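Working notes for the structure below.
The values are calculated or read from the model by the stated rules, or taken from the named source; none is laboratory data. Since the model is a prediction, treat every value here as computed from it, not as a measurement. Note that each Cβ is placed from the backbone with ideal geometry, even for glycine, and that neighbours are counted across all protein chains shown. To get the accessible areas, we keep the full protein, side chains included, count just its heavy atoms, and leave off ligands, DNA and RNA. Shrake-Rupley method; radii C 1.70, N 1.55, O 1.52, S 1.80 Å.
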Amino acid sequence: MHLGIIGPAQSGKSTLFAAATGQPARLGHGAHRALILVPDDRLGALAEIENPRKIVPAEVDYLDWGGVAADPTTAADMESKIPAEIRDCDALVVVVRAFESDVVAHPRGTVDAAHDLEDSNLALVLADLATVENRLSRVERTLKVKKDTELEAERTALERWKTQLESEHPIRDLDLSDQEWKRLRGFGLLTAKPLLVVVNLGEDQIGDADRIETEWQAKLGPGRSSIIALCAQIEMEIGQLGDEERGAFLTDMGIAEPALGRMIRASYGLLGLLSFFTAAEPEVRAWTITEGQTAVEAARVIHSDIARGFIRAEVIPYDDYVEHRGVPGAKQAGKFRLEGKDYIVRDGDVIYFRFNV
Ligand SMILES: Nc1nc2c(ncn2[C@@H]2O[C@H](COP(=O)(O)OP(=O)(O)OP(=O)(O)O)[C@@H](O)[C@H]2O)c(=O)[nH]1
Ligand SMILES: [Mg+2]
């Protein structure tokens, strides 16, 4: 999974990135990329049963890109500012600033997170509009010289997207058919990507996080988007603490759970991702797939050979696995299932793939 972090200048993107990745904050512009491990308590429970040599969590690839601000420029200009790396991301994280600080200047002079979000949205809408208009004029030129039903269908779709963007609304809020989603995929449109809004709170606003999240959730469109309020600075500090100090610090700050875990889960939810596990020697490991993927597709995530030579999947749901302390117990309790290629994998399935190549 690839997540791209964007947002106005000085909103706390690099601080959030540092908190998420455990790497030191590199302030200033420029792209930083890192893998972060997806926290999942279930791995610990499985490891306690299996005593593996290694525990391997699922990974998320984070890309911290510099400021994306909607200057009052042309759409084409905006489009050219968005790098290919951001277009390749599966979802975008927009960080907007709610924290007040005398030492950190705000590009606009005042802190207004809602306004920042509108700006960022507008920047992405403008970039998409340029992409759509370019393609539309090319399609129209071709249609003038030859008839092509496929291109006509594309023109209809492009015109619909253009209308949506011209009204300053993201593509993700349109009610699209599967076919249109398929068509969209090739365009890398930014506003079609799921969006996670991070409201970066001040240290003194943490107590308001729940209220702010509820308030903002209501403002987001019907498409796949979600909001989380956290204090990036504090999250970064939490990440630097040892396990023992961390508990005390969280209690002190009145934080039930570090927001990063919630953030990663939110991005999983937005993208329709789920984890399945493998728990055979030498490692207990989490793997990421999309909701609705089949056993053979899950096998392919591990290795193409396992998919090619797929015989069957031996499946135990996570809860049963833990309750019966592993495979023999689960088998005895009748919780062990043999599934074929087309089995739809569920979140938390512990799977052993039988294959032959
Ligand atoms: N008080 C406070 N300061 C913060 C918080 N988050 C970030 N900062 C500070 O704000 C400044 C900007 O943070 P960065 O993380 O560099 O922001 P950025 O969005 O990456 O900035 P650019 O990449 O330059 O656009 C730094 O001095 C941070 O220490 C926060 O939650 N509270
Ligand atoms: Mg930065």
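Per residue, how many Å² of accessible area does the chain show with a 1.4 Å probe?
On a per-residue basis, the chain sits at 50 Å².
In segment 292-355, one over the average inverse separation of all distinct C-alpha pairs is 11.7 Å, which is the Kirkwood hydrodynamic radius.
Simple spin-label estimate for D41 and Q332 gives 2.7 nm between the two label positions (7 Å along the Cα-to-Cβ direction from each Cα).
Per-atom-type breakdown for the chain gives carbon and sulfur 49% of the accessible area (1.4 Å probe, protein chains only).
Volume per residue for segment 188-267 equals 103 cubic angstrom (convex hull of Cα atoms).
All other residues with a Cβ under 9 Å from the Cβ of V322 taken together, and with Lys, Arg as +1 and Asp, Glu as -1, what is their net charge? Residues close to V322 contribute a combined charge of -2. Considering only C-alpha atoms, what is the centroid distance from segment 249-303 to segment 317-357, in Å? Going from one Cα centre to the other spans 18 Å. When you restrict to C-alpha pairs under 8 Å that are six or more residues apart and normalise by the size of segment 188-336, the relative contact order lands at 15 percent. Of interest is the spacing of the C-alpha centroids, which for segment 117-151 and segment 179-245 amounts to 29 Å. Please report, ordered by residue number, every helix of the chain (full DSSP H runs) that is 20 Å or longer along its axis going by C-alpha atoms and whose mean Kyte-Doolittle hydropathy reaches 0.0. The answer, listed by residue number, is 113-145. Note on K331: lysines with a C-alpha under 25 Å away, same-chain residues under 8 apart excluded, are K54, K341. Over all directions, the projected convex hull of the C-alpha atoms in segment 122-232 averages 7.9 nm² in area. Magnitude of the charge dipole for the chain, about its Cα centre and with charges confined to Cβ atoms of Lys, Arg (+1) and Asp, Glu (-1), is about 1640 debye. Compared with the rule-of-thumb size 2.2 N^0.38 Å for a compact globular protein, the chain has a Cα radius of gyration ratio of 1.12. Only Lys, Arg, Asp and Glu carry charge here, each on its Cβ (+1 for the first two, -1 for the last two); on that basis segment 292-355 has a dipole of about 240 debye about its Cα centre. Using the Cβ-Cβ distance between D305 and Q23 with R0 = 45 Å, the FRET efficiency computed as 1/(1 + (r/R0)^6) comes to roughly 0.85. Computed over neighbours whose Cβ is under 9 Å from that of S225, the net charge equals +1, Lys and Arg +1, Asp and Glu -1. Mean separation of Cα pairs under 8 Å and 6 or more residues apart, divided by the residue count, gives the chain a relative contact order of 19 percent. Gain on full extension, evaluated as 0.36 nm per residue between T156 and A34 minus their Cα-Cα distance, stands at 40.0 nm.
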